[in-house]
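Asker: One structure, as structure tokens, below. Some questions next.
The values are calculated or read from the model by the stated rules, or taken from the named source; none is laboratory data. Worth saying up front: this structure is predicted, and the values here are computed from it rather than measured. Cβ: placed from backbone, ideal geometry, glycine included. Neighbour counts: every protein chain shown.
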Amino acid sequence: MQISSRQAKGILTPQTTGFLVNGEFPFTHALSPYTGCAFGNTTCGLYCYAAALPSWTYRPANMKPYAWGAAVEAKENAAELLAMELGKLSPARRQLLRIFASSSTDPYQPIEKEKQITRQLLRVFTQYKDLDLLVLRADGEHPVPVALDHDRDRRSGVPGQDEGRAAARQAAGDGAQSRRARHQCAD
């Protein structure tokens with residue numbers, strides 16, 4: 001696995017067309033802390049739509065020699081960029097944001113344990129009290145995955161079984177319906 005880092009130019013990508021802007025709760029922006037995906041050589045990656053997205057098709061030159069699943073590039077300054085971009089917006093404008101975190105890569109792939117970029121991004125969001133950081137929605141027909149249940153996930157920095165149960169209990173206590181789901185890449 002080729003691992004590299006770079007200074008990104010931006011972190012919030014406006015969404016105007018495609019599957020993210022359709023549906024009852026359309027997203028205004030996508031946010032991806034990494035380019036590429038370490039799960040790309042698993043069964044999950046074999047059928048992953050992200051390999052055909054512009055973020056991989058037009059990936060940086062240093063990643064061109066690598067196939068999907070063979071390289072990951074960390075956006076080292078992602079948290080600083082997010083803080084800057086959110087800071088430019090008024091509270092009223094921030095409240096209109098619907099950000100899809102990681103539409104083109106897994107935010108908790110193995111390199112996250114070392115880099116902690118996703119964790120840093122979540123910390124930036126907590127600085128804005130006018131934002132709903134995490135909203136769990138489930139209508140009984142659409143389960144919301146809360147955490148993954150696999151030892152490999154625990155090693156990679158993903159919340160494990162105990163944390164998932166605690167999050168589900170908290171969500172239920174706050175009036176949200178939640179169900180646990182197993183991630184398709186867990187086996």
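Asker: Please go through region 26-52 and pick out each residue that is at pLDDT below 90 and surrounded by fewer than 17 Cβ atoms within 10 Å (Cβ to Cβ).
Answerer: Answer for region 26-52, where residues must be at pLDDT below 90 and surrounded by fewer than 17 Cβ atoms within 10 Å (Cβ to Cβ): 26, 41, 42, 43, 46, 47, 49, 52.
Asker: Restricting to region 116-129, give me the number of residues that are touching a Lys or Arg at 6+ places or on another chain (Cβ under 9 Å) and either of a type in the set (Lys, Arg) or in contact (Cβ under 8 Å) with a residue 60 or more places away in the chain (or both).
Answerer: Count: 1.
Asker: Give 7, 2 a once-over and let me know the one that is exposed (fewer than 13 other Cβ atoms within 10 Å of the Cβ) and touching a strand residue (DSSP E or B) at 6+ places or on another chain (Cβ under 6 Å).
Answerer: 2
Asker: Go through (1) within 26 Å of residue 129 (Cα to Cα); (2) touching a strand residue (DSSP E or B) at 6+ places or on another chain (Cβ under 7 Å) one by one and return the number of the condition residue 88 breaks.
Answerer: (2)
Asker: Please list, ordered by first then second residue, the pairs with beta carbon atoms under 6 Å, 6 or more apart or interchain, first in region 47-64 and part of a loop (DSSP other than H, G, I, E, B), second surrounded by 10 or more Cβ atoms within 10 Å (Cβ to Cβ).
Answerer: Final answer for the pair search is 53/104; 59/35.
Asker: Quick one: would you say residue 78 is at pLDDT 90 or above, of a type outside the set (D, E, K, R) and surrounded by 14 or more Cβ atoms within 10 Å (Cβ to Cβ)?
Answerer: yes
Asker: Hey, does region 20-35 have a residue that's in contact with an Asp or Glu (Cβ under 7 Å, 6 or more places away or on another chain) and in the same structural domain as residue 122 (by TED's automatic domain parsing)?
Answerer: yes
Asker: Regarding residue 144, is this residue at pLDDT 55 or above, aliphatic (A, V, I, L, M) and farther than 22 Å from residue 14 by Cβ?
Answerer: In short, no.
Asker: Next question, about the same structure. Filter region 27-53 down to the residues that are polar (S, T, N, Q) and in contact with a Lys or Arg (Cβ under 8 Å, 6 or more places away or on another chain) and list them by number.
Answerer: 28, 32, 35
Asker: Right, here's the next one. Any residue in region 6-19 that's in the same structural domain as residue 33 (by TED's automatic domain parsing) and farther than 20 Å from residue 122 by Cα: show its pairings with residues that are surrounded by 14 or more Cβ atoms within 10 Å (Cβ to Cβ) and not basic (Lys, Arg) at Cβ separation under 7 Å, as long as the two are six or more apart or on different chains.
Answerer: Close Cβ pairs satisfying both conditions: 15/21; 15/27; 15/28; 15/29; 15/30.
Asker: A follow-up question, please. Pull up region 123-141, narrow it to residues that are closer than 15 Å to residue 31 by Cα and surrounded by 16 or more Cβ atoms within 10 Å (Cβ to Cβ), then point me to the one that is modelled with the lowest pLDDT.
Answerer: 125
Asker: I would also like to ask the following. Looking only at residues in region 80-99 that are touching a residue at least 40 places away in the same chain (Cβ under 8 Å) and within 12 Å of residue 127 (Cα to Cα), which one is nearest to the chain's Cα centre (by Cα)?
Answerer: Residue satisfying both the conditions and the ranking: 82.
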